[in-house]
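Some notes on the structure that comes next.
No value in this document is a laboratory result; all are computed from the given coordinates. Predicted model only: the values in this text are computed from it and were never measured. Ideal geometry is used to build each Cβ from the backbone, glycine not excepted, and the neighbour counts take in all protein chains shown.
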């Protein structure tokens, strides 16, 4: 009888342990179920911020560098200077070409003034010739009648007729001279238009040369912190080459990549609990700001094509933007690229 009692006790313990395990599992399962009825979380999240690359617009050798890694700069600060000797020469050449074009306009204008004077003279000669023709015509008609009445001699009539024909010939010459000076006027007017358009072109060339010269001085496009510097004094840089980046200190936000199956209850304006991996005791609040217009895979270099014969369904993730609500000191600790865990509260 004494040996049977321990066996009975052992038989009674196992059901009790099993019941306890089931109760504990049911408790935690219920807790998790209730939790996920009002929350969605993910650790696929990171801090994002505006990063402005600094790129030269013209090639050249770096003659001066006013920055180092992780230094603060303000918008408009001079960061880099390139060798500008070639660009100064181009500006001087453009200025000389502009002055030459402007002088050419003045010369053509002087020629136009002379052409106008010639035209007025030829026009006056033409008008005078017309008057002579009118007078010679009157005399010719009158003497023609007098000759018919034998009131004048044939010699007198021939003299008047000669004057009449001479006046008409002079009128024709005067008209041709006037037409020639008129065409010359029109030609000089066209020359002025061409010369003025040439001045405009040379002015544009000068403006472009000055613009290129201004690009030899690289200014800070924004205020922020210099990062990823890969340029040194004496280095030759190409137009468009990345020299360094400026991380803006104005604002940071969170991009969390939630599974598409988690989005059903998520809405803009919901509160978000943010835990930063870099700071174990730092908890930040946020607000769900917006949803991406497409899944992250759609923006990849080779987006998935589900039209192929070998289809495997994969749950996609949708980037969600979360606005961080924190004081300036807390925001100053956050850096773009830091990993996070976020929980959206319904």
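A few remarks follow.
- Here the range 175-197 and the range 66-109 have alpha carbon centers that stand 38 Å from each other.
- Helix 4-38 vs. the chain, principal-axis angle (Cα, 0 to 90°, nearest 10): 20
- Spin-label model distance (nm) - residue 203 vs residue 68, 7 Å beyond Cα toward Cβ: 4.8
- The simple spin-label model puts a point 7 Å past each Cα toward its Cβ; for residue 153 and residue 131 those points are separated by 3.2 nm.
- The label point for residue 297 and the one for residue 55, both projected 7 Å from the Cα toward the Cβ, are 3.1 nm apart.
- Space enclosed by the convex hull of the alpha-carbon atoms of the range 85-214, per residue, Å³: 74
- On Cα atoms only, tilt of 85-148 relative to the major axis of the chain in degrees: 30
- Look at the Cα gyration tensor of the range 223-304: its axes a ≥ b ≥ c give a/c of at least 1.5 with a/b at or below b/c, and that counts as oblate.
- Given R0 = 30 Å, the distance between the Cβ atoms of residue 268 and residue 75 translates into a calculated FRET efficiency of 0.40.
- Angle in degrees between helix 154-214 and the longest Cα principal axis of the chain, rounded to the nearest 10: 20
- Each peptide in 310-316, 40-46 was scored by the mean count of other Cβ atoms within 10 Å over its residues; highest first, the order is 40-46, 310-316.
- Each pair of Cα atoms in the range 288-337 enters the Kirkwood radius, and Stokes-Einstein at 20 °C and 1.002 mPa s then converts it into a translational diffusion coefficient of 152 µm²/s.
- Residue 329/residue 210 FRET efficiency (R0 45 Å; Cβ-Cβ; nearest 0.05): 0.50
- Length available on full extension from residue 85 to residue 230: 0.36 nm per residue minus the Cα-Cα distance, which gives 49.8 nm.
- Percent of Cα pairs exceeding the 26 Å cut-off, where the set is the chain: 76
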